[in-house]
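Have a look at the structure below before the remarks.
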Amino acid sequence: MTANHSLPMILDEVEVMSVERISPTYVRVELGSPALADFGVDGPLYDQRIKLVFPNDAGNLPSFAGADESWFGTWLEIPESERGHMRTYTVRDVRGTGVDTRLVVDLVLHLEDGGSGPGSTWAARASVGDRLVTMAPRRGQVYGGIEFDPGTAKSLLLVADETAVPAVCSILEDLPATARGAAFLEVPESGDVLTQQHPEGVEVVWLPRDGAPLGSRLHEAVLAHLGEPVTPLEEPEEVDPDLWETPTYSSSGEEVEANAVTVGHDLDGLYAWIAGESGVVTTLRRHLVRELGMDRRQVAFMGYWRRGVAMRS
Ligand SMILES: Cc1cc2nc3c(=O)[nH]c(=O)nc-3n(C[C@H](O)[C@H](O)[C@H](O)COP(=O)(O)OP(=O)(O)OC[C@H]3O[C@@H](n4cnc5c(N)ncnc54)[C@H](O)[C@@H]3O)c2cc1C
């Protein structure tokens, strides 16, 4: 145990060990610290999420030394201009072992909106030696943060925009070789199409937007895949920026109960994991649950970001 606090997870400073611009939209960083010797989960990482705290405008990070279970409230009490900015990211990979353990994170540069937001701004300037705080799972402790849970599903439908591509790439690498299904990955441009290892039975379809409206290529591809009439993507009237609906949790407070599977669609045995911009995910949710009657216990719909909204912590 290397931490200087009593929390069951890692909540420590990490250092940027390498930076690579892997494509026009993605900056890949390796984060290292002796504290990461304790990093680990019980089983595959799949879409394991972590928190990153970026420095405040003066370049300083908050200290979590001595933190206890009230750490989050204590951190929120620090004036906004001083406490830094907390955002959610995915562990794309883990390299090394022991005190040389490094977490690999792929950060999106929001080039289409001019690169706003502390996460995107930090990523654009990241250099070796920069420091962040990460909150991540500690081996042997319950942490959560993995939503991918297909159970005994016969077929998978994985749907992601650029923010969820790191999660789907990690899931694809962790799947058994016998897995079957399809993954649809929308990225801003052709140069963002990455080489990705995947089980032979899982078709991987990259959908570069190349100027098309956000989410439109995903929307069309998913409806066509499900045998639905392809209608244009329309922004829903109401969007919960923090949309989160999994078999065990609903951000709307809705009871999770089984829907009947509509006759005529062979959705039996399908598990769908859908993440990206909240408006786009809301529309896909409507199709899958309301129109196709997909069983809510077989889906995870996750708003990873919301157009025009800063995702505070
Ligand atoms: C479980 C989970 C896992 C995630 N994993 C990753 C990951 O591995 N890599 C990653 O890059 N992101 C990931 N995200 C998304 C990331 O947390 C958000 O994109 C977040 O808004 C980025 O913070 P920011 O400080 O850059 O922008 P914010 O301060 O949150 O937002 C500022 C502005 O930027 C806009 N914006 C935010 N994200 C984007 C975007 N992608 N494209 C265009 N405009 C945007 C907002 O609409 C807002 O107008 C994940 C989110 C969740 C919930």
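One residue stands out among those in the stretch 289-313 that are free of Cβ contacts under 8 Å to residues at least 60 places away in the same chain and of a type in the set (A, V, I, L, M): the one that is nearest to the ligand (Cβ to nearest atom), which is Val299. Going residue by residue through the stretch 111-123, is there one that turns out to be exposed (fewer than 11 other Cβ atoms within 10 Å of the Cβ) and closer than 16 Å to Glu13 by Cα? No, because not a single residue in the stretch 111-123 is exposed (fewer than 11 other Cβ atoms within 10 Å of the Cβ) and closer than 16 Å to Glu13 by Cα.
Within the stretch 150-168, residues that are of a type in the set (A, V, I, L, M) have Cβ atoms under 7 Å from residues that are within 8 Å of the ligand (Cβ to nearest atom) in these pairs: Ala160/Ala167; Ala160/Ala275; Ala164/Ala275; Ala164/Tyr304; Ala167/Asp47; Ala167/Thr90; Ala167/Ala275, counting only partners at least 6 apart in sequence or on another chain.
Let's see how each residue does on (1) closer than 20 Å to Met311 by Cα; (2) in contact with a helix residue (DSSP H, G or I) (Cβ under 6 Å, 6 or more places away or on another chain); (3) in contact (Cβ under 8 Å) with a residue 60 or more places away in the chain:
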{"site": "Thr25", "(1), (2), (3)": "yes, yes, yes"}
{"site": "Gln48", "(1), (2), (3)": "yes, no, yes"}
{"site": "Gly66", "(1), (2), (3)": "no, no, yes"}
{"site": "Val105", "(1), (2), (3)": "yes, no, yes"}
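Of the conditions (1) within 12 Å of the ligand (Cβ to nearest atom); (2) surrounded by fewer than 19 Cβ atoms within 10 Å (Cβ to Cβ); (3) more than 26 Å from Gly43 (Cα to Cα), Asp130 satisfies every one except a single condition; which number is it? So the condition that Asp130 fails would be (1).
Suppose the filter is within 15 Å of the ligand (Cβ to nearest atom), in contact with a Lys or Arg (Cβ under 7 Å, 6 or more places away or on another chain) and part of a loop (DSSP other than H, G, I, E, B); does Gly115 pass it? No; evaluated as a whole, the condition is false for this residue. Evaluate the stretch 73-89: report whether one residue or more is surrounded by fewer than 18 Cβ atoms within 10 Å (Cβ to Cβ) and within 13 Å of Thr134 (Cβ to Cβ). Yes, the stretch 73-89 contains at least one residue that is surrounded by fewer than 18 Cβ atoms within 10 Å (Cβ to Cβ) and within 13 Å of Thr134 (Cβ to Cβ). Under the condition of being touching a strand residue (DSSP E or B) at 6+ places or on another chain (Cβ under 6 Å) and among the small types (Gly, Ala, Ser), which residue from the stretch 4-57 is nearest to Ala124 (Cα to Cα)? By that ranking, first place goes to Ser18.
Every number here is computed from the coordinates shown, using simple stated rules; none is lab data. Nothing here was measured: the structure is a model prediction, and the numbers come from that model. Virtual Cβ from ideal backbone geometry, glycine too; neighbours counted across all protein chains shown.
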